[in-house]
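What follows is one structure encoded as structure tokens, with my remarks underneath.
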Ligand SMILES: Nc1ncnc2c1ncn2[C@@H]1O[C@H](COP(=O)(O)OP(=O)(O)OP(=O)(O)O)[C@@H](O)[C@H]1O
Ligand SMILES: [Mg+2]
């Protein structure tokens with residue numbers, strides 16, 4: 001600390017400490033602690049808060065697992081299903097996003113000429129100037145029963161009846177993959193960009209096929225980028241709200257929608273808080289497990 | 001197995017710019033052949049053409065007599081060592097070396113054995129489990145060689161692989177490379193802008209300038225019988241004197257350079273024979289710094305001239321004298337350290353001489369810039 005002050009001078013050091021401190025304490029620790037605390041309290045009308053009924057309880061977590069006391073089921077199948085479907089879908093979206101971004105990022109980083117690469121990057125970024133909600137609605141227009149795609153296919157005489165893209169959740173998968181595309185693209189691009197092109201040629205010269213070169217040389221090199229992109233896409237997808245609301249089929253329910261309901265419609269903040277805490281906790285555990293599995297260290301991700 | 005490599009009228013252009021122009025050369029099998037030339041003269045371009053990363057705009061590459069047009073780098077019997085080595089940093093040394101075998105589906109035990117064998121060849125026994133970054137520069141160099149040799153190529157292509165090493169190590173690696181080449185017996189095609197490197201290792205050298213080959217010859221011939229002013233000035237140190245021919249016969253040529261009359265012996269140099277120097281022709285006469293000596297007495301001898309001494313530089317076994325003639329031509333002189341020059345002081349006029357045998361007269365042309 002003294003060293004830090006000596007190196008950067010008192011003004012800059014104080015500025016750093018205050019801004020970072022503010023960021024960590026007010027934007028991360030306090031709200032999360034408040035949520036955590038809330039999640040262990042019963043849902044009481046404002047008058048009773050702080051009274052003798054306001055004691056720590058696991059009731060919301062129990063509700064998530066076992067459902068309401070009046071229900072006949074052993075477990076809260078409805079919420080659990082939504083929870084795990086959300087996580088599983090987020091995994092699928094992450095994989096889709098990776099599969100989609102990897103070739104493009106590789107092309108931009110290693111194959112395209114300078115000018116083409118720049119053009120491609122710009123055309124990837126520009127659509128993201130549009131608000132997330134608007135983009136979701138745009139996809140809805142595209143995929144709707146009477147939407148652009150269906151109309152085009154029917155008019156072209158390729159089929160007779162409209163495909164229910166939304167009911168089949170095609171729209172949801174597309175929308176979610178698209179929503180966080182750049183968060184996969186840029187870490188991937190960055191790590192691929194730093195690969196020495198001579199290594200690709202060396203592998204080729206030694207007789208390696210394109211596939212093997214990618215498997216043995218490119219992917220190991222880009223592992224940190226893949227991990228960092230996947231983590232972000234997974235977290236954000238699991239926590240997405242706007243896109244699922246607009247694009248999911250009537251019978252697909254996203255876990256965040258559930259949380260939203262507890263907070264807003266049912267006015268049960270502490271249950272909403274408990275559900276949020278669960279989502280955060282399980283997502284973090286999941287990501288850590290994945291990183292362990294793929295032998296990536298946390299430090300590498302921020303590279 | 002070893003193969004010869006023939007380049008037939010190779011030209012390579014990037015737009016209007018020709019990186020190689022009409023390059024033809026036959027590299028014999030088992031030969032240590034170097035392309036020597038200044039930076040940017042197209043050496044890497046030529047090597048990439050031989051290895052198949054670049055298709056020539058015109059002409060063809062034959063390896064072992066077979067035309068290589070349309071055959072990719074992974075299908076040619078060549079192996080390339082890159083300017084920056086391009087070892088795979090995330091693999092162990094042994095995995096690096098046996099990568100080409102892994103590609104070909106050899107078993108793990110097979111690969112291990114071959115890696116050990118090659119590590120032995122490059123004097124790195126037992127270092128197979130290390131990571132690349134744990135090795136020194138010279139050791140990495142050797143791993144790159146071992147990796148390139150693993151598939152038993154017929155031709156090994158080396159793109160300035162020693163340029164990243166320091167002087168001592170570079171000199172050590174030179175003789176080691178040469179020894180490895182002798183042991184494996186395949187064709188080595190070596191690229192360098194360092195003439196010392198080319199001359200100490202090669203059987204033959206091609207001197208390149210601006211995409212063209214100026215001369216292909218043995219090291220000795222390139223040094224002693226340069227065919228163009230570029231070769232004369234690029235390979236080793238040389239003193240050029242511009243002038244013109246005043247007389248010429250079968251054995252000698254007499255020239256006038258800035259009022260000094262010089263005589264040079266025609267020593268079987270193709271260029272001098274073929275082009276038959278004629279009276280009045282503009283020429284450059286070259287004398288090496290070590291071929292000029294200080295005249296001891298005032299006797300009148302052939303090829304003597306006078307110059308003013310500017311400075312003396314001590315260089316281990318040699319001492320370099322820098323002089324300027326009356327007409328402003330700079331002259332460099334290298335004397336063995338044993339020679340006593342205590343009587344010389346800067347600013348002093350000095351009489352110099354060289355033998356007709358040691359002088360080379362070439363038709364006017366571009367010199368190498370340094
Ligand atoms: N892909 C390319 N596009 C345009 N010009 C190129 C390309 N590759 C090489 N050149 C040009 O061709 C010329 C020869 O390049 P090359 O890499 O063969 O030089 P070199 O002799 O290997 O030089 P060095 O000793 O510096 O490595 C250079 O002027 C270079 O700018
Ligand atoms: Mg080069």
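Taken together, the values in this text are just the output of simple stated rules run on the coordinates, not laboratory data. Because the structure is predicted, anything quoted here is derived from the model rather than measured. Virtual Cβ from ideal backbone geometry, glycine too; neighbours counted across all protein chains shown.
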Scan of the stretch B:147-171 for residues that are in contact with a helix residue (DSSP H, G or I) (Cβ under 7 Å, 6 or more places away or on another chain) and either outside any strand (DSSP E or B) or within 13 Å of ligand 1 (Cβ to nearest atom) (or both), ordered by number
B:147, B:149, B:150, B:151, B:157, B:159, B:161, B:162, B:164, B:165, B:169
Within the stretch B:127-186, tally of residues that are out of contact with any strand residue (DSSP E or B) (no Cβ under 9 Å at 6 or more places or on another chain), over 26 Å from residue B:39 (Cα atoms) and crowded, with 21+ Cβ neighbours inside 10 Å
1
Suppose the filter is over 14 Å from the mean Cα position of the chain (by Cα), within 16 Å of ligand 2 (Cβ to nearest atom), away from chain A (no Cβ under 14 Å) and surrounded by fewer than 22 Cβ atoms within 10 Å (Cβ to Cβ); does residue B:254 pass it?
no
For the stretch A:100-120, enumerate the residues that are over 23 Å from residue A:199 (Cβ atoms) and within 22 Å of the chain's Cα centre (by Cα).
A:100
Here is a check on your reading of the model: is residue B:116 touching a residue at least 12 places away in the same chain (Cβ under 8 Å) and away from chain A (no Cβ under 13 Å)?
yes
Hits in the stretch A:198-241 - residues which are at the interface with chain B (Cβ under 10 Å from one of its Cβ atoms), assigned to a loop (DSSP other than H, G, I, E, B) and surrounded by fewer than 23 Cβ atoms within 10 Å (Cβ to Cβ):
A:207, A:208, A:209
Kindly indicate the residue of the stretch B:46-77 that is within 14 Å of another protein chain (Cβ to nearest Cβ) and part of a helix (DSSP H, G or I) and also farthest from ligand 2 (Cβ to nearest atom) among those meeting that condition.
B:75
Return the residues of the stretch B:89-100 that are crowded, with 19+ Cβ neighbours inside 10 Å, within 33 Å of the chain's Cα centre (by Cα) and within 13 Å of chain A (Cβ to nearest Cβ); say none if nothing qualifies.
B:96, B:97, B:98, B:99, B:100
Working carefully through the options B:139, B:181, B:83, B:127, find the one that is at negative phi and within 9 Å of chain A (Cβ to nearest Cβ).
B:83
Could we say that residue B:46 is in contact (Cβ under 8 Å) with a residue 24 or more places away in the chain, within 15 Å of ligand 1 (Cβ to nearest atom) and either closer than 26 Å to residue A:207 by Cα or out of contact with any strand residue (DSSP E or B) (no Cβ under 9 Å at 6 or more places or on another chain) (or both) here?
yes
